[in-house]
Amino acid sequence: MSAETAPTGELSIAVMGVGGRMGRELARTVHAAKGCRVAGGIEPEGSPHVGADIGELAGFGRLDVPVTTDALELIAGVDAILDFTAPSASVTFAGLAANARIVHVIGTTGLSEQDDAAIAAAARHATIIKAGNMSLGVNLLVELTRKVAQALDEDFDIEVVEMHHKHKVDAPSGTALMLGQAAAEGRGVALGERSVRVRDGHTGARKAGDIGFATLRGGNVVGEHTVIFAGEGERVELAHKATDRGIFARGAVKAAMWGKGQGPGLYSMVDVLGL
């Protein structure tokens, strides 16, 4: 079904990196969502999935929509794109989304300051929703972390611990950085000045006010995050455990549907959820 023949009010969504595990999950979620349809999918040149039927690739039956490599043409004909790919690809897609004036949902992690700046520039013309984690539970955890950090002074040390599957390529996770940023905002400090990413050897005593990160990798863990506020004689822990990638896909589709009614700008899941 082409964009021109789609039912009135139906949101046409393309999935970037549709051949990957998350891409297939996104395609399944879009297909199952009321008022949405899978309008296309992108894979890079040389991918074995190019030309495959997206429905068959994602396991929900033939859709007669093939995987393509032409992002420019595809993005020009859809309402929204879902993008859990790689930083360089997300920056490119953001520029194309700006030209097309469409919704761009970004769940890509490992973005640099330069990448973030390019995406922010694209948001002058595109409706971009960007988050290190799209789940409702995690975004609630972010807000709780901000409030607890604000309530507890530097007598409580803050540590962010995260674990993911062995295939994850960036560390700390985007979610861990979201949590660290929330803690820093609660304390009224700059994360870049207080963040401790690595401890090895004779490090000396922990400095008051530091926000530490610990990264674990192994097995097929979808995602686990804990924020620890450790004081003298007591400890407060806030935690979230993901057991199904579907929570991220459902959040991304929710973001795309919300974004369709918004003007250009750079938004987060906090905006989508009204937190």
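The values are calculated or read from the model by the stated rules, or taken from the named source; none is laboratory data. On a predicted model such as this, the values are computed, not experimentally measured, just so you know. Quick reminder, even Gly has a Cβ in these numbers, built from the backbone with ideal geometry, and neighbours come from all protein chains shown. These area figures cover heavy atoms from the full protein model, side chains too; ligands, DNA and RNA do not enter into them. Shrake-Rupley method; radii C 1.70, N 1.55, O 1.52, S 1.80 Å.
Could you check the range 119-142 and list, in sequence order, the residues that are among the hydrophobic types (A, V, I, L, M, F, W, C) and open to solvent by less than 40 Å² (accessible area, probe 1.4 Å)?
119, 121, 122, 123, 126, 128, 129, 131, 134, 138, 141, 142 - these are the residues of the range 119-142 that are among the hydrophobic types (A, V, I, L, M, F, W, C) and open to solvent by less than 40 Å² (accessible area, probe 1.4 Å).
Which of the numbered conditions does residue 145 fail, given that it passes all the others? Conditions: (1) within 16 Å of the chain's Cα centre (by Cα); (2) surrounded by 17 or more Cβ atoms within 10 Å (Cβ to Cβ); (3) polar (S, T, N, Q).
(1)
Report those strands (runs of 3 or more DSSP E) wholly inside the range 165-275 carrying at least 3 residues which are surrounded by 15 or more Cβ atoms within 10 Å (Cβ to Cβ) and either in contact with a strand residue (DSSP E or B) (Cβ under 6 Å, 6 or more places away or on another chain) or at pLDDT below 95 (or both). It would help to see each step written out before you state the result.
Values: elements: 211-217, 223-231, 234-242, 265-267.
Of the strands (runs of 3 or more DSSP E) lying wholly inside the range 165-275, those with at least 3 residues that are surrounded by 15 or more Cβ atoms within 10 Å (Cβ to Cβ) and either in contact with a strand residue (DSSP E or B) (Cβ under 6 Å, 6 or more places away or on another chain) or at pLDDT below 95 (or both) span 211-217, 223-231, 234-242.
When you go through 73, 4, 56 one by one, which is the residue that is surrounded by fewer than 16 Cβ atoms within 10 Å (Cβ to Cβ) and at pLDDT below 95? Can you show your working first?
Values: 73 fails: at pLDDT below 95; 56 fails: at pLDDT below 95.
Exactly one residue qualifies, and that residue is 4.
Taking the stated definitions as given, is residue 126 at pLDDT 95 or above, touching a strand residue (DSSP E or B) at 6+ places or on another chain (Cβ under 8 Å) and closer than 13 Å to residue 256 by Cα?
When the stated conditions are applied, residue 126 passes them.
Taking the criterion of being in contact (Cβ under 8 Å) with a residue 40 or more places away in the chain, over 16 Å from the mean Cα position of the chain (by Cα) and within 21 Å of residue 135 (Cβ to Cβ), would at least one residue in the range 194-206 satisfy it?
Taking every residue of the range 194-206 in turn, none turns out to be in contact (Cβ under 8 Å) with a residue 40 or more places away in the chain, over 16 Å from the mean Cα position of the chain (by Cα) and within 21 Å of residue 135 (Cβ to Cβ).
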